[in-house]
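Worksheet for the structure shown next.
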Amino acid sequence: MPKYYQFKVCGYYLYFTTACIVEAMHVHASDKKMTRQGSAKFFVKADGDTTVEDRGSLTDHELNEIRKFIRIHYVEIGFYGE
């Protein structure tokens, strides 16, 4: 079951899963419409770095800011820290 942040980062809601059996651990960044077209998907590595699987409609600046947020908070989010 995905977990959600109740606040926005760069105008996007973040939701994430740490126990997906189909894909690697990842974070989604979605606009208020929660559409796939407007959402980005980030795979999270063991050190908190990310790769962008799908950028959705995010700008380079928004992608970089969300990647920074994930890198700073990846243990708190639950990746590799549970």
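Before moving on, here are some points about what is shown:
- Within segment 67-78, being surrounded by 16 or more Cβ atoms within 10 Å (Cβ to Cβ) and at pLDDT 95 or above holds for one residue alone: Arg67.
- Residue satisfying all of: in segment 1-42; in contact with a Gly (Cβ under 7 Å, 6 or more places away or on another chain) and surrounded by 16 or more Cβ atoms within 10 Å (Cβ to Cβ); modelled with the lowest pLDDT among these: Thr18
- Cβ pairs under 7 Å, 6+ apart, first in segment 52-66 and surrounded by fewer than 13 Cβ atoms within 10 Å (Cβ to Cβ), second of a type in the set (S, T, N, Q): Ser57/Gln37
- The residue of segment 46-55 that is modelled with the lowest pLDDT, among those that are assigned to a loop (DSSP other than H, G, I, E, B) and under 12 Å from the mean Cα position of the chain (by Cα), is Gly48.
The values are calculated or read from the model by the stated rules, or taken from the named source; none is laboratory data. These figures come from a predicted structure and were not determined experimentally. Neighbour counts are summed over all protein chains in view; Cβ atoms, including those assigned to glycine, are modelled from backbone coordinates with ideal geometry.
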